[in-house]
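Engineer: A single structure is presented below for examination.
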Amino acid sequence: LPSPIPWPLTQPVTPDLLVSPSSQDGDLGSECPEDRGNWTGRLDFLLSCIGYCVGLGNVWRFPYRAYTNGGGAFLVPYFIMLAICGIPIFFMELSLGQFSSLGPLAVWKISPLFKGIGMGTILIVSLVAIYYNMIIAYVLFYLFASLTSDLPWQHCGNWWNTDLCLDHHVIKAGNNTLPVNISNTVSPSEEYWSRYVLHIQGSSGIGDPGRIRWNLCLCLLLSWTIVYLCILKGVKSSGKVVYFTATFPYLILVMLLIRGVTLEGAWKGIQFYLTPQFDHLLTASFPQVWIEAALQIFYSLGVGFGGLLTFASYNTFHQNIYRDTFIVTLGNAITSILAGFAIFSVLGYMSQELGVPVNQVAKAGPGLAFVVYPQAMTMLPLSPFWSFLFFFMLLTLGLDSQFAFMETIVTAVTDEFPYYLRPKKASFSAVICIALFLMGLILTTEGGMYWLVLLDDYSAGFGLMVVVITTCLVVTRVYGMKRFCRDIQMMLGFKPGPYFRACWMVLSPATMMALLVYNIVKYQPSEYGNYRFPTWAEVLGILMGVLSCLMIPMGMVVAVLQEEGTLWERVQQASRPAMDWGPSLEENRTGVYVASLAGSQSPKPLMVHMRKYGGITSYENTAIEVDREMEEDDEEESM
């Protein structure tokens, strides 16, 4: 028998070529960028997602959309669209962020050819952040105005009121002297909003912004200061703030709901809100109802804005985002329905007090938050208290979403330049906040509302849908459904089922394509009240949406120019994942991802070796298992 091999020779010898950066000698570790950080608490991520998704739209858009599209019958298409479009795209975004631990720009290492999608996302989020914080500034203005014993929009007779002003106290006191048509009058709250807060009479249109309203300017400065202080240390600080801002609105909402349902006439409003009108689902308005349901899901969950991906990128690698997806999406839907009860119970009381039908007092958007509901508050005992609670709820709802927008922008850029910007993240965040504040100053002018409407209508319209559709197609077609499912298995221990795969491959992109086509076919110019926007403003708005779409082909051109070979070879190379794509921590990199982090002397021979021999690192067993699955997949495809 041959002599036994000496023990030292039985140990695997790792070639220098394949040694991971962390095991090499030298000062390489000191050159690594500063750590991104993670959530510091178990509930930080979940509450941040809830706070991000549950926003102003749940209060001022969902109830109105529900009652105008069939009442209780609207819940049927709403939950179907949630299952087809909302939940699958939500889970996809969380999976991309958690798997790579990268922001909306750097995550496109998954397919560098499409990095323009990330650029389009950042442009959209930046535009939305500008006007969204202006809405928070309006809320702060009303919050401070509520700190009084007599709400300033309660009566007529102020310097900003006109002869058309008529308050509800006069209506109740003299029924026999009421004019036949009270639609020719204006409520005190409406004139307070338009003539005092906005001072819109000082502007003739969007081309004539007028003077800056310094009280609004100071409120905008305060809102940006609050946002900056909360994101000062990234998710370590905002993750703690959301423990209050994501939960306190529910307490206020329940208080408003209890107060609302105890009011006389409340059931009238709730009945108007929820009475099923199934004819809406069967008549000519059928497409409109389903489109409205899909739009509500699309914007309420905040998919495509990069916030979900950013938040998930700060998770640990094995966080159960599958469970979190259902908690957040279903919680968001339930919150919207609950908010509808709180709003329409008060509107029912208000309609009874004024003696008019509910549909004459029900509005959506800023008209509900800053005109109708404040007017309803004046009819209640202790009206300043209820008004303060309502606007404080809006403040906390809005701040959560704004945190996400800002964290998305800051994370995206710092992940692109980690060596330079990560150590200076607080200073960089301050620069971004100051820049967006200065760009938002035009919104504080007398004609600022026209600019806000333009931004609201176009900044996140069809451009956002193009971004989401392209993301879905790239992940499933270019990167590959099997590869994506295998990545999820590495994180969660199981692959997504047929439901998710069917939605990602067909149902979700098809639904969003229908939304996009519908929005283009049914395009209507923007308007604010009776004011119609001029052609140049419409063109400017359309360019805002088109520019975010153009980022995708622009990114493709840059990616192709950085490669070598013929045009087709360049396109193929740019569409493949970057060599350092995968989990950010080496202990989580198994299979094809083992030791392919930046710093390896030559990752490509390593990939060949891994495919051929199954791995040589301490994670050899897991790597062999993943490679075996890949080989089985290849055999299935060949059959």
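The values are calculated or read from the model by the stated rules, or taken from the named source; none is laboratory data. None of the values given here were measured: they were computed from a predicted structure. So basically every Cβ, Gly included, is an ideal-geometry build from the backbone, and we count neighbours across all protein chains shown. The area values use the complete protein model at the heavy-atom level, side chains included, leaving out ligands, DNA and RNA. Shrake-Rupley method; radii C 1.70, N 1.55, O 1.52, S 1.80 Å.
Engineer: Once a ≥ b ≥ c are taken as the square roots of the eigenvalues of the Cα gyration tensor of region 185-343, is the result rounded (a/c under 1.5), prolate (a/b larger than b/c) or oblate (a/b not larger than b/c)?
Structural biologist: On the way: a/c = 1.58, a/b = 1.04, b/c = 1.52.
Because a/c hits 1.5 or more and a/b fails to exceed b/c, region 185-343 counts as oblate.
Engineer: For region 321-366, give the percent of accessible area contributed by carbon and sulfur heavy atoms, probe 1.4 Å, rounded to a whole number. Provide the component values of the computation, followed by the final result.
Structural biologist: Numbers: 920 of 1440 Å².
Roughly 64 percent, rounded to a whole number.
Engineer: Could you report region 362-405's accessible area per residue, 1.4 Å probe, as an integer in Å²?
Structural biologist: With the other protein chains kept in place, region 362-405 gives 20 Å² per residue.
Engineer: Now, a different point. Using a simple charge model, +1 on the beta-carbon of Lys and Arg, -1 on the beta-carbon of Asp and Glu, nothing else, what dipole does region 330-465 show about its Cα centre, in debye to the nearest 20?
Structural biologist: I would put it at about 200 debye.
Engineer: Let me ask you something else. With a 1.4 Å probe and every protein chain left in place, work out the accessible area per residue of region 41-182 in Å², rounded to a whole number.
Structural biologist: In whole numbers, region 41-182 has 32 Å² accessible per residue.
Engineer: Sticking with this structure for a sec: Could you size up the charge dipole of region 387-485 around its Cα centre, putting +1 on the beta carbon of Lys and Arg and -1 on that of Asp and Glu, and report it in debye to the nearest 20?
Structural biologist: Rounded to the nearest 20 debye, it is 600 debye.
Engineer: Which percent of the accessible heavy-atom area of region 52-121 goes to carbon and sulfur, probe 1.4 angstrom?
Structural biologist: That fraction is 71 percent.
Engineer: Roughly how many Å² is the accessible area per residue of region 411-475, as a whole number, for a 1.4 Å probe? Before the final figure, lay out the partial values.
Structural biologist: Working: 2200 Å² over 65 residues.
On a per-residue basis, 34 Å².
Engineer: Right, here's the next one. Under 8 Å for C-alpha pairs, at least 6 residues apart: give me the relative contact order for region 400-543, rounded to a whole percent. List each step's numbers first, then the result.
Structural biologist: Working: 67 pairs, mean separation 31.9, N = 144.
That works out to 22 percent.
Engineer: Which whole-number percent gives the relative contact order of region 290-443, counting Cα pairs below 8 Å spaced six or more residues apart?
Structural biologist: Numbers: 52 pairs, mean separation 34.3, N = 154.
About 22 percent, as a whole number.
Engineer: Moving on to the next point. Using a 1.4 angstrom probe and counting only protein chains, how large is the accessible area of V254 in Å², to 10?
Structural biologist: 70 Å²
Engineer: Accessible area of Y250, 1.4 Å probe, to the nearest 10 Å²?
Structural biologist: Only protein atoms counted, so the area is about 70 Å².
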